[in-house]
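See below for the structure under consideration.
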Amino acid sequence: MFFRVPFLVQLLFKRRIWRGEDSNSVYLTFDDGPDIETTPWVLDLLKRENIKATFFCIGQNIEKHPSLFKEILNNGHRIGNHTYKHEKGTKTRKTAYLDSIGKTETLHSSNLFRPPYGRINIFQVDNLLSMGKKIIMWTWNAQDYKKSLKHSQIIDKARTIRGRDILLFHNSKKSEHNMKNSLPEVIKIVKQKELLFKLLD
């Protein structure tokens, strides 16, 4: 998996959104929460840094941690749908996949959707677009879930961040160590580049 998604990939799958519209901004996103171990820490950091982000939440986790989910909303962050059980679209029947998205939609309605693992087939894309959903991908992936990844590798790649990039981090136990070690420094690098943090819409 690339830190930066190659431009050719973005061209091949152009019905998905890979970049934001504002060339002076980046778009910070978090997948898989709410998570009791990582989400409170992230919310505290974002509040201190005066940053709003988009959280792509799993339906099951919303049900497990309703007060934490409410805290994300109360802090002014945006919510996106990330399926109910983190299903991989390319290995899930279309009806089952859409049912999973619909079940999460009953917990919180959003026009933003991100496919787990970035895997989704053309039929699922067609259905989601017809429902008025925006399929949000990413330009830069922290890969914070990789245990073998060194802190220095994430920071080196963070220096390639530029305007319009959609940045991907994760709220999960698996990503906790790398995310907590790298996110504050990535935020610092973005601010040094005089880029703003903006919400997806």
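The values are calculated or read from the model by the stated rules, or taken from the named source; none is laboratory data. Being a predicted model, the structure only gives us computed values, none of them experimental. Here the Cβ is made from the backbone with ideal geometry for all residues, glycine too, and neighbour counts use every protein chain on show.
Name the residue that is farthest from the chain's Cα centre (by Cα), counting only residues in region 89-105 that are among the polar types (S, T, N, Q), part of a helix (DSSP H, G or I) and over 13 Å from Cys57 (Cα atoms).
If we take residues in region 89-105 being among the polar types (S, T, N, Q), part of a helix (DSSP H, G or I) and over 13 Å from Cys57 (Cα atoms), then Thr95 is farthest from the chain's Cα centre (by Cα).
Do the conditions hold for Phe123, that is, is it assigned to a strand (DSSP E or B) and among the aromatic types (Phe, Trp, Tyr)?
For Phe123, the condition - assigned to a strand (DSSP E or B) and among the aromatic types (Phe, Trp, Tyr) - is not met.
With respect to Asn50, determine if the residue is surrounded by fewer than 16 Cβ atoms within 10 Å (Cβ to Cβ) and either among the aromatic types (Phe, Trp, Tyr) or modelled with pLDDT of 95 or more (or both).
It is true that Asn50 is surrounded by fewer than 16 Cβ atoms within 10 Å (Cβ to Cβ) and either among the aromatic types (Phe, Trp, Tyr) or modelled with pLDDT of 95 or more (or both).
Residue under question is Phe69, and the condition is that it be surrounded by 18 or more Cβ atoms within 10 Å (Cβ to Cβ), closer than 23 Å to Ile166 by Cβ and in contact with a Cys (Cβ under 9 Å, 6 or more places away or on another chain); does it hold?
So Phe69 passes the test.
Looking at Lys91, is it loosely packed, with under 13 Cβ neighbours inside 10 Å, in contact with a His (Cβ under 9 Å, 6 or more places away or on another chain) and not small (Gly, Ala, Ser)?
For Lys91, the condition - loosely packed, with under 13 Cβ neighbours inside 10 Å, in contact with a His (Cβ under 9 Å, 6 or more places away or on another chain) and not small (Gly, Ala, Ser) - is not met.
Quick one: which residue in Asp201, Asp165 is modelled with pLDDT of 95 or more and within 19 Å of Met137 (Cβ to Cβ)?
Residue meeting the stated conditions: Asp165.
Filter region 134-178 down to the residues that are in contact (Cβ under 8 Å) with a residue 40 or more places away in the chain, buried (at least 16 other Cβ atoms within 10 Å of the Cβ) and among the hydroxyl-bearing types (Ser, Thr, Tyr) and list them by number.
Residues satisfying the conditions are Thr139, Ser172, Ser175.
Given the residues Gly80, Gly89, which is the only one that is out of contact with any strand residue (DSSP E or B) (no Cβ under 9 Å at 6 or more places or on another chain), at negative phi and small (Gly, Ala, Ser)?
The match here is Gly89.
Quick one: in region 72-88, of everything that is surrounded by fewer than 20 Cβ atoms within 10 Å (Cβ to Cβ) and charged (D, E, K, R), which residue is nearest to the chain's Cα centre (by Cα)?
Looking at the filtered set, the residue picked out is Arg78.
Looking only at region 43-71, count every residue that is closer than 17 Å to Lys180 by Cα and either aromatic (Phe, Trp, Tyr) or touching a Pro at 6+ places or on another chain (Cβ under 6 Å) (or both) and tell me the total.
1
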